[in-house]
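What follows is one structure encoded as structure tokens, with my remarks underneath.
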Amino acid sequence: MAKKKKSKIMPTLLLMIIAGIVGTGAYFLYKDTVPPKITLSPSEGFIGADTAINIEVHEKISDLKAVKTVLIQGDKKVELDSVEFRPGKKEWEKSLIIGKDRIKQGEFQVAVWAVDSSLAGFGSGNAYIARGNYTLDTVSPRVAIQTTSHNLNQGGCGLVLYTVNEDPAETGVRVGDLFFKGYKQPDGKYASLFAIPFYTSPDDFNPVVTAVDRAGNERVRTFYYHANPRNFPHDKIRISDRFLNRKMPQFEDRYPGTKSPMRLFLNVNRKMRKANRARLKKIGLDTSPEFLFEGVFLRLPNAAPRAGFGDKRSYVYKGKEIDTQTHLGIDLASTKHADVPAANHGRVVMADEFGIYGNAIIIDHGLGLQTLYSHLSHIGVETGDMVEKGQVIGQTGATGMAGGDHLHFGVLCSGLPVNPIEWWDRNWIKNNITSKLN
């Protein structure tokens, strides 16, 4: 009986050993069934002559065995790269520049094939192909200037009209590090309202029209212009303890831990002013692609000017100069809490408390042209409201950094403060703006 039992156990044990060997082999053979990960950046779209297509290949479990990259256009195939790896390689990357001469303008494809060193597929490994679909465009857009007269005053605006032979990704007028976007008009032309900054002399003013297509090709065109210099007055603003004790408490929560009213004033006059002007640039992008205004801009009725645009200000405390800034609007004083009319037709893009400007309203008139009404005691409109020229939108006040009841009226060109006086001049608007559009 013992011999019969032994003879039955041995075959069973042998079968179990064979099954274990087969199972172990199958595990090692098929434990990695995931192919390498391939990433192309960009994965599609327009490509210029110098645009880089970045390829990254990653393998998590096994090692990379080989990678091949092929360019395909119609029936044409060009092998761009083929590489085999020694054991231990898990990552590979390559940056491709297609250039101008390798293929024709138009659509093409980049195919990247990668295989790992796993035993999957009976030793052939896991393979994957990633494809990127592109359009080669190495030709810059064509720009034609349509307006011939561009006369500007330092701190003022100009309007240029031009055409572009394709829909650009970005276009407008560049002035140093400033960019004034161009907006497509119903007749197909592009219109850009641009400015010579108050701090730039005509000798240093060099505006250019630029158009960049979706492949990144850029065309830059100069155009005729004439810029007149302006001399801005220099004022002294005396800061008293009474002013500091009256105005600074409203800003204490913005700069916690600043106990000195004078130090708080300097933080507001420097840091907050800078932040507010940066926000004006962002608000300037919230604009209509066409002008919304009509005719001359209105001025606060029966108001006397108290400070002008571009006035250089020295702030003096106890006989010592503590700061310098530039006043970038016109201060108008009338009766206390006087009604403030909208200077022209437009859309309210901001109606809220706004740092140094106190309670403020910004109205958009199109193409980046906006008007600013600040230090208000009351705001009578909401963001998004459409307003008519002359409509009462609020009342004057002394909020923010105002020393007394008045309206700080500003005009902005893509967020850059410009001289309001031009927009109160019917002839200037006709000669420099509306006649070009008509």
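The values are calculated or read from the model by the stated rules, or taken from the named source; none is laboratory data. As the structure is a computational prediction, the values presented were derived from the model and not from experiment. Cβ: placed from backbone, ideal geometry, glycine included. Neighbour counts: every protein chain shown. Just so you know, the surface numbers come from the protein's heavy atoms only, side chains and all, with ligands and any DNA or RNA stripped out. Shrake-Rupley method; radii C 1.70, N 1.55, O 1.52, S 1.80 Å.
Just a few scattered comments:
- The range 144-163, residues that are part of a loop (DSSP other than H, G, I, E, B) and more than 20 Å from Gly415 (Cα to Cα): Gln146, Thr147, Thr148, Ser149, His150
- Which listed residue is crowded, with 18+ Cβ neighbours inside 10 Å, in a helix (DSSP H, G or I) and not polar (S, T, N, Q), from Leu264, Leu292: Leu264
- Listed by first and then second residue, the pairs linking a residue in the range 412-438 that is at positive phi to a residue that is of a type outside the set (S, T, N, Q) and not in a helix (DSSP H, G or I), with Cβ atoms under 6 Å apart and 6 or more places separating them unless they lie on different chains, are Ser414/Phe180; Ser414/Gly284; Ser414/Gly368; Gly415/Gly284.
- Residues located in the range 206-228, provided they are open to solvent by less than 90 Å² (accessible area, probe 1.4 Å) and either over 19 Å from Thr163 (Cβ atoms) or in contact with a Cys (Cβ under 9 Å, 6 or more places away or on another chain) (or both): Ala215, Gly216, His226, Ala227, Asn228
- Condition check for Ser140 on (1) open to solvent by less than 40 Å² (accessible area, probe 1.4 Å); (2) over 30 Å from Arg230 (Cβ atoms); (3) assigned to a strand (DSSP E or B): one failure, at (3).
- The set of residues in the range 83-105 that are open to solvent by 70 Å² or more (accessible area, probe 1.4 Å), over 22 Å from Gly216 (Cβ atoms) and not in a loop (DSSP other than H, G, I, E, B) comprises Glu84, Glu91.
- Only residues that are under 13 Å from Gln109 (Cβ atoms) and either in contact with a Cys (Cβ under 6 Å, 6 or more places away or on another chain) or at pLDDT 95 or above (or both) were counted in the range 46-70, giving 3.
- Any chance Arg306 is at pLDDT below 95, open to solvent by 20 Å² or more (accessible area, probe 1.4 Å) and not in a loop (DSSP other than H, G, I, E, B): yes
- Considering the range 319-356, and only residues there that are touching a residue at least 12 places away in the same chain (Cβ under 8 Å), charged (D, E, K, R) and open to solvent by 20 Å² or more (accessible area, probe 1.4 Å), the residue that is nearest to Gly390 (Cα to Cα) turns out to be Asp339.
- The single residue among Lys271, Lys282, Lys236, Lys259 that is among the basic types (Lys, Arg), part of a strand (DSSP E or B) and open to solvent by 90 Å² or more (accessible area, probe 1.4 Å) turns out to be Lys236.
- Residues of the range 145-190 classified as over 19 Å from the mean Cα position of the chain (by Cα) and either surrounded by 21 or more Cβ atoms within 10 Å (Cβ to Cβ) or in contact (Cβ under 8 Å) with a residue 12 or more places away in the chain (or both), total: 27
- Whichever residue in the range 61-82 is assigned to a strand (DSSP E or B) and closer than 19 Å to Ala120 by Cα and, among such residues, is most open to solvent (accessible area, probe 1.4 Å): Lys65
- Number of residues in the range 106-134 that are of a type in the set (S, T, N, Q), in a loop (DSSP other than H, G, I, E, B) and surrounded by 13 or more Cβ atoms within 10 Å (Cβ to Cβ): the value is 3.
- Qualifying residues in the range 309-318 (those that are assigned to a loop (DSSP other than H, G, I, E, B) and within 36 Å of the chain's Cα centre (by Cα)) - the one surrounded by the fewest Cβ atoms within 10 Å (Cβ to Cβ): Gly310
- When Gly366, Gly384 are checked against the criterion of being closer than 22 Å to Ile421 by Cβ, under 23 Å from the mean Cα position of the chain (by Cα) and surrounded by fewer than 21 Cβ atoms within 10 Å (Cβ to Cβ), Gly366 stands alone in meeting it.
- For His408, the requirement of being open to solvent by less than 20 Å² (accessible area, probe 1.4 Å), more than 19 Å from Phe297 (Cα to Cα), touching a helix residue (DSSP H, G or I) at 6+ places or on another chain (Cβ under 9 Å) and not charged (D, E, K, R) is not met.
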